[in-house]
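Below: the structure, in structure tokens.
Read-outs throughout are calculated quantities, based only on the coordinates presented, and are distinct from any laboratory measurement. Computed from a predicted structure; not experimentally measured. Don't worry about glycine lacking a Cβ; one is built from the backbone with ideal geometry, like all the others, and counts go over all protein chains shown.
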Amino acid sequence: MDCTAYRTRIQPSMTQQTLSFDYSPLPGSARTAMEKAERHADEAWKKSVAEVIEKLARERNEITVDDVVTKIEAMYLPAIRRLDALGPAMKRACKAGVLRFTGRVQRSTRPEKHGRLVSVWESARR
């Protein structure tokens with residue numbers, strides 16, 4: 001699946017989640033927010049996160065940002081104030097051929113995320 005096709009729309013009235021994918025570019029506000037997160041993330045942190053994503057892609061068939069955050073915490077990497085820079089990091093990994101978007105989402109397992117939906121990415125390294 002295309003790296004740009006990871007925005008989803010859930011139809012809540014359905015018993016099972018039905019997804020439809022929007023292949024158009026992100027709206028300006030979302031694009032601006034991702035660019036801002038990318039700009040404000042420390043370069044050394046971005047490099048470390050890219051390495052974590054690469055490592056996870058070699059170890060697992062599928063990953064989410066939850067997996068990346070868990071690995072970052074386990075490695076005691078410097079935290080950033082806002083984890084919104086992970087979205088651009090996952091997209092960079094997709095463009096670099098490390099990950100492929102599966103077209104699926106799942107509920108976050110991190111309690112502080114209150115069950116929000118996260119994209120499921122497939123490893124292109126296995």
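Here the calculated FRET efficiency for residue 31 and residue 112, from their Cβ-Cβ distance with R0 = 30 Å, stands at 0.70, rounded to the nearest 0.05. Here the Karplus relation 6.51 cos²θ - 1.76 cosθ + 1.60, evaluated at θ = phi - 60°, turns the backbone of the range 91-96 into coupling constants of 5, 4, 5, 5, 5, 7 Hz, with x for every Gly and Pro. With the Kirkwood sum run over all distinct C-alpha pairs, the range 26-126 has a hydrodynamic radius of 13.9 Å.
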